[in-house]
Amino acid sequence: MMINEIKHLSPRKREQLGRAINRVKGKKLGKELGFNIIQYGRREPIDTEISVGDIVLISIGNPLKSDLTGTVTEKGGRFIKVAIENVPRWALKKHVRIDLYANDVTFRRMEENLSNLSLKGKDALEYSLHKRHPQEDDERILNKEIKFVDDSLNESQKTAVKRALASKNFFLIHGPFGTGKTRTLIELINQEYLMGSKILATAESNNAIDNILERLAKSNDEINLTRLGHPQRVNKDNIQFTLAYKVENHPLNKKINNLREKINELSEKRDEFTKPTPRYKRGYSDSEIYRMGVMRKGGRGISPAIMNSMARWLEQNKNIDEILDTIKKMEENIIQDIISKSDIILSTNSSAALESIAKTKFNISIVDEASQATIPSVLIPIAKASKFVLAGDHKQLPPTIISKKAQDLEDTLFESLINKYPDKSSLLNVQYRMNNLLMEFPNSEFYNSKLDSAENVEDIVITDIIEENRLSEIETIKMEDQLLSNEQPLIFVDTSKVDKKGEKQLKDSKSIINLAEAEATLEIAEFYRKLGVEDKDIGIISPYADQVNLIKSKTPLEVKTVDGFQGREKEIIIISTVRSNEKGNVGFLSDLRRLNVALTRAKRKLIIIGNKETLKVNPTYKRLIKHTYEKNALVSM
């Protein structure tokens, strides 16, 4: 898809979509952990979706003729920094283009793992297919009193940890929104460490595994942690835990640096002689050139002096190759020393396929975001350990699958196992995010009313964060009472009676906009801003990219698709549903997992804007609208 888009969209269009930056100039800043850091900038502002950690393609002219890729390390209003291994001269000129890029390394790792799947990986698939059944839990651990590192965990979190420790094959931790899933995993990792386990902890995204690493380091400073993966995709605060950083600071690395200096000396000396290129070799093999050069013989029009010079070049080159082999062996020894001394290895699912841990035996692999990862992805860490624990929420976003031909990959191992073996799972049932009234609908609709609110959030309300004394200074709006009401944390703003309420499709776009909803969204957001709510506390969600871009162009607030808000929270969330048509066509709004994510981002106030006549065709939306009506929170525009 990415290559196809680069091929068919103009540079300007791709930049408008936020997936390219045109006409920038490069400047070399120095080196970090073996990579050259290049800053690209221009006078015009850079507004892009390209983020820190993304892979980018760097080019001049046709991007698809370039093979130069790098990793974004930092971005600002008029610059972006990229880590590149080797930098050609042209990459530092003017008019360089940078494209968001996706290479196939991750997919190749999945394919290789599937082709050479270990017995543990095959076991996981057989559990999923009901061809193998897990063993009974270890009763000794279940009956043992555990001293928790974090004793403030709630009972459901402690139960999940204990049952995961007792499992012999696999266990599933079901963590709905705001229930402290990461906190539970930190405790589980600590407990496994105390039991002497060698642990592999992974997640689908760099952000998730960095979050685990950061919190794990704070919870126990005695654990030896090592983070795999590209150091430029790791949170800056976690750099000291990366394998690259540890290699660079290993005592043996001083010897390697001395050997590299020796290579530089030999390279300079080698350059004094004639390199045996085809032009000079004239059909002679390297061994023939070396033998004749030592004997100071010429031939085929090559003078004895040139032959000798080529022989001397080959001799110096051989010395360089021998030192490079020595360096490679030393680096392998350093890496194995670091890995063997590490109690916990952390990485993305994909990076768990790296050669550095290929021979390492793990007692347990713990996989976060398992409900957002495809089966080939989670099988990489699972295949490396005696048992595995998956954590996620199959009621929220599935893996992102772009190709229609690959839609079957949306079916995750987490969901398959939790449906087949509910007794091998534990639900975290206390949420720490939102107002108790706000939780009511998603709790009943998606979680069979099994969730409770923690005491410290059940009564948080909108009036805690607004300055009511400003009310007299601003213009009133039609739904003001509901927007300020603590008893109505969830409001549905109905657009069905508004003129020009319909959805529209922009030219050359498959996405949809709704001008009336965009206007209402901005009006409501501005109302809260004028009452003193900080910009960082307001989030705007729309399922459609063009609606996101339309609203984003008119406000400094954070505006994203549902996927962009996964795992996030705001004090106030405004949702523009967009769909408004007489046919009752709701498109991919019918993906109820995305609805669940959207409904569970807000802490104090959730405002949904939509055409109830269009949306109520879907049974879940019909129940949502009925819920707001019964709460006297259904407002007409």
Is region 34-44 home to any residue that is modelled with pLDDT of 90 or more, of a type in the set (Phe, Trp, Tyr) and open to solvent by less than 50 Å² (accessible area, probe 1.4 Å)? yes
So which residues in region 300-313 are of a type in the set (A, V, I, L, M) and surrounded by 18 or more Cβ atoms within 10 Å (Cβ to Cβ)? Ile302, Met307, Met310, Ala311
Qualifying residues in region 549-567 (those that are in a loop (DSSP other than H, G, I, E, B) and touching a Leu at 6+ places or on another chain (Cβ under 8 Å)) - the one farthest from Gly18 (Cα to Cα): Gln566
Restricting attention to region 165-186, does a residue exist that is of a type in the set (Gly, Ala, Ser), in contact (Cβ under 8 Å) with a residue 24 or more places away in the chain, farther than 30 Å from Lys570 by Cβ and in contact with a strand residue (DSSP E or B) (Cβ under 8 Å, 6 or more places away or on another chain)? yes
Taking region 46-71 and keeping residues more than 16 Å from Asn206 (Cβ to Cβ), open to solvent by 70 Å² or more (accessible area, probe 1.4 Å) and in a loop (DSSP other than H, G, I, E, B) leaves Asp47, Glu49, Ile60, Asn62, Asp67
Residue list for region 444-462, filter: open to solvent by less than 40 Å² (accessible area, probe 1.4 Å) and of a type in the set (S, T, N, Q): Ser453
For region 389-406, which positions are in a strand (DSSP E or B) and over 13 Å from Ile364 (Cα atoms)? Ala391, Gly392
Test: Ala217 is open to solvent by 20 Å² or more (accessible area, probe 1.4 Å) and among the aliphatic types (A, V, I, L, M): yes
Which residue out of Lys281, Lys341, Lys297 is open to solvent by 30 Å² or more (accessible area, probe 1.4 Å) and under 51 Å from the mean Cα position of the chain (by Cα)? Lys341
Give all pairs with beta carbons closer than 6 Å in which a residue from region 471-492 that is farther than 22 Å from Pro442 by Cβ and of a type outside the set (S, T, N, Q) meets a residue that is open to solvent by 30 Å² or more (accessible area, probe 1.4 Å) and at pLDDT 95 or above; count only pairs at least 6 apart in sequence or on separate chains. Ile474/Lys530
Only one of (1) closer than 25 Å to Asn618 by Cα; (2) surrounded by 19 or more Cβ atoms within 10 Å (Cβ to Cβ) is not met by Glu410, so which one is it? (2)
In this structure, is Ser386 touching a residue at least 24 places away in the same chain (Cβ under 8 Å) and either surrounded by fewer than 22 Cβ atoms within 10 Å (Cβ to Cβ) or assigned to a loop (DSSP other than H, G, I, E, B) (or both)? yes
Could you please let me know if Lys450 is under 21 Å from Gly180 (Cα atoms) and basic (Lys, Arg)? yes
Can you name every residue in region 515-540 that is out of contact with any Lys or Arg (no Cβ under 7 Å at 6 or more places or on another chain), touching a residue at least 40 places away in the same chain (Cβ under 8 Å) and more than 19 Å from Glu473 (Cβ to Cβ)? Glu517, Ala518, Ala520, Thr521
Within the set of pairs 6 or more residues apart or between chains, which connect a residue that is under 24 Å from Ile80 (Cβ atoms) inside region 95-111 to a residue that is surrounded by 21 or more Cβ atoms within 10 Å (Cβ to Cβ) and among the charged types (D, E, K, R) with Cβ atoms less than 7 Å apart? Asp99/Arg19; Leu100/Arg19
Hey, Asn4 free of Cβ contacts under 8 Å to residues at least 60 places away in the same chain, under 30 Å from Ala373 (Cβ atoms) and part of a loop (DSSP other than H, G, I, E, B) or not: no
From the residues in region 489-534 that are aliphatic (A, V, I, L, M) and in a loop (DSSP other than H, G, I, E, B), which one is farthest from Thr555 (Cα to Cα)? Val498
For Arg604, state whether it is modelled with pLDDT under 95 and either closer than 30 Å to Gln16 by Cβ or open to solvent by 10 Å² or more (accessible area, probe 1.4 Å) (or both). no
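The values are calculated or read from the model by the stated rules, or taken from the named source; none is laboratory data. Worth saying up front: this structure is predicted, and the values here are computed from it rather than measured. FYI the Cβ positions are ideal-geometry reconstructions off the backbone, even for glycines, and counts take in every protein chain you see. Side chains are part of the model used for accessible areas, which takes the heavy atoms of the whole protein and leaves out ligands, DNA and RNA. Shrake-Rupley method; radii C 1.70, N 1.55, O 1.52, S 1.80 Å.
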